[in-house]
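Note sheet for the following structure.
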Amino acid sequence: MNKRYLIISPVLLMLCACGGGGETAQVQTPVEVALPDTPTNPVSDVDSPNILLIISDDQGLDASAQYNLSQSLPSTPTLDSLAANGLVFDNLWVTPGCTTTRSALITGKYGSNTGVLAIGDELPGSEEVLHAYIANNEKTAHYQSALIGKWHLGGNGVASSHPNDMGIPYFAGSLVGAIPDYSAWTFTTNGQSEQSNVYNTTQLTNSAIDWIQQQSSPWFLWLAYIAPHLPIHLPPADLHSQNLSGTQTDIENNPRAYYLTAIEALDTEIGRLLDSMSEEERDNTLVFFIGDNGTPGQVADTTVYVNGSKGSLSQGGLAVPMIASGKGVTRLNERESALINATDFFATIAQLSGSDVNQIHDSISFKELLSDESSANRQYNYVEFESTRETGWAIRNQQYKLIEYSDGEQVLYDLQNDPLEKSELLSSGGDYSPILLELVTELDKIR
């Protein structure tokens, strides 16, 4: 069988306001899941790549070596290699929080169209998630799919929805927003929960390797790491390059150093996952790596983004790393400035798996950008978010970004000339009414 594989890695981030600092107790009723039968004659169509979406939890641009914005960055040779042999995107917008970004990714819809606007909101059972969409489409139904890692779409408290209930055939990971300890956490496989003492990033990688090795037909794997989300900790020594004591005092005094070390451990385990594949698999794999929101304020480099971090509608909360590398990516060691929204992964992955769709819901496929720099389709980017800290919306075109907060205050930035948002324009006295009219007109269409 001539297989092709696609790897997509979103960066799952460190300190998701999702779930605060601890894990909410979960009581799960065992769920019987009927997994699709493995075909005796697996599809060998070369246009059926395997798809791996990797998400880093709480990793912003200031903590990503591929963007070189900070003086303190993690050593990430695996991601560096993917970037050097692929495409780095400079304008991916997610949402300021983990729940809201995951909802946008898995439904292809803005939060205003699902009701998932705040961290901890529950994804309605009426929504068709990406895994179910692929399974229900006759052109993509030959794909096997799974979600390994973080769910956090079941609402606060005891999760009232479960990945299996939403049409995801296989789930292994954590249902909640944060775990209490990376070496002592609740590991749920479909409906069965147990205590795990294996370092979380390692366990999720083990699960991904095991699941992939069981597949004999094209597959889509959503691999949602919890790292580098809090709690801040020192990973096992063989997974990183830092010389840190790991004492609580040192962690409290140097939180960013430990946060970056968790990213290094994540990079090491991603490397192990890729190395576990055969040469044929690697040659036929497309990798997407992304983050789910900006770096948490406790560990953000405030000299980079002066106006905010995770939980904020500033660039520090919305702009995250994105890498595409592998089979189908012919633009090697290049950068792409096209606007990408978290919602766009829905249409892109559907199209890569064989669907005719290139636009659905609020999702616009960027598949053609992997090989053609002139094929950008999105003209505007939009995000809406609610929290006790900051509520509002943001919209941008290729150059200008407008934010409106719940109290009606508006701010405008020129992201082409001021990507770190150091100079607010509306207070400068200039006439920006044509720009405001354009952006608000588009906003009205979206909403």
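The values are calculated or read from the model by the stated rules, or taken from the named source; none is laboratory data. It should be emphasised that the depicted structure is a prediction, and the values quoted were computed from it without experimental measurement. Glycine gets a Cβ as well: all are built from the backbone with ideal geometry, and neighbour counts include every protein chain shown. All accessible areas refer to the heavy atoms of the entire protein, side chains included, with ligands and DNA or RNA removed. Shrake-Rupley method; radii C 1.70, N 1.55, O 1.52, S 1.80 Å.
Please list, or write none, the lysines whose alpha carbon is within less than 26 Å of the alpha carbon of K109, excluding same-chain residues fewer than 8 places away. Leaving aside lysines fewer than 8 places away in the same chain, those within reach of K109 are K139, K150, K310, K367, K401, K445.
Using Cα springs under 10 Å in a Gaussian network model of the chain, which residue among D238, D372, D275 shows the largest mean-square fluctuation? So, out of D238, D372, D275, the one fluctuating most is D238. Within the chain, antiparallel bridges make up roughly 55 percent of the DSSP beta bridges whose residues both belong there. Counting protein heavy atoms only, the range 163-202 has 44 percent of its accessible area on carbon and sulfur, 1.4 angstrom probe. Extending 7 Å from the Cα toward the beta-carbon at both R389 and T303 defines two label points whose distance is 2.2 nm.
Full extension of the segment from Q195 to Q410, taken as 0.36 nm per residue of separation minus the current Cα-Cα distance, would add 72.7 nm. Between the range 335-362 and the range 122-153, the alpha-carbon centres lie 15 Å apart. Segment R272..D356, full-extension length gain: 26.9 nm, with 0.36 nm per residue of separation and the alpha-carbon distance subtracted.
Over all projection directions, the Cα-based convex hull of the range 319-372 averages an area of 3.9 nm². Would you mind telling me which residue in L117, L369, L61 has the biggest mean-square fluctuation in a Gaussian network model of the chain, where springs connect alpha carbons within a distance under 10 angstrom? Among L117, L369, L61, the largest GNM mean-square fluctuation belongs to L369. Solvent exposure of the range 96-145 amounts to 30 Å² per residue of accessible area, where only protein heavy atoms count and the probe is 1.4 Å.
Run the paramagnetic zone check for E373: 7 angstrom along Cα to Cβ, then residues of the range 319-349 with backbone nitrogen under 15 Å. What the label zone holds, given the 15 Å backbone N cut-off, is 330-339. Averaging 1/r over each pair of different alpha-carbon atoms in the chain and inverting the result gives 21.6 Å, the Kirkwood hydrodynamic radius. Note on A141 and Q248: the extension gain reaches 33.6 nm, defined as 0.36 nm multiplied by sequence separation minus the Cα-Cα distance.
As a test of the formula, what do you get for the chain when each DSSP H run with n ≥ 4 contributes -39,500 (n - 2.57) and the sum is divided by the residue count, at 222 nm and rounded to the nearest 500 deg cm²/dmol? Calculated at 222 nm, the ellipticity per residue is -6500 deg cm²/dmol.
From zero outward in steps of 5 Å, how is the percent of C-alpha pairs of the range 159-219 spread across the bins? The calculated distribution, bin by bin, is 4, 16, 26, 24, 18, 9, 2, 0. Translational diffusion of the range 392-447, estimated by Stokes-Einstein from the Kirkwood radius over alpha carbon pairs at 25 °C in a medium of 0.890 mPa s, is 212 µm² per second.
Taking the inverse of the mean 1/r over every pair of distinct Cα atoms in the range 304-416 gives a Kirkwood hydrodynamic radius of 15.6 Å.
For the range 315-322, just list the computed ³J(HN,Hα) in residue order, Karplus coefficients 6.51, -1.76 and 1.60, θ = phi - 60°, integers in Hz, with x standing in for Gly and Pro. Ordered by residue, 3J(HN,Hα) equals 4, x, x, 9, 8, 9, x, 8 Hz.
Highest GNM mean-square fluctuation among S312, S423, S161, for the chain modelled with Cα contacts below 10 Å: S423. Whole-percent P(r), the range 77-154, all Cα pairs, 5 Å bins from 0: 3, 14, 19, 17, 16, 18, 11, 3, 0. Distance between the pseudo-spin-label points of T330 and S428 (7 Å out from Cα toward the beta carbon): 4.0 nm. Quick check on the range 237-361: take the gyration tensor over C-alpha atoms, sort the square-rooted eigenvalues as a ≥ b ≥ c, and tell me if it's rounded (a/c under 1.5), prolate or oblate. Oblate shape, in that a/c is at least 1.5 and b/c is the bigger or equal ratio.
Percent of accessible area on the range 87-151 owned by carbon and sulfur, 1.4 Å probe? Roughly 41 percent, rounded to a whole number. The relative contact order of the chain, computed from alpha carbon pairs under 8 Å that lie at least 6 residues apart in sequence, is 26 percent.
Projected onto planes of every orientation and averaged, the convex hull of the alpha-carbon atoms in the range 205-306 covers 8.0 nm².
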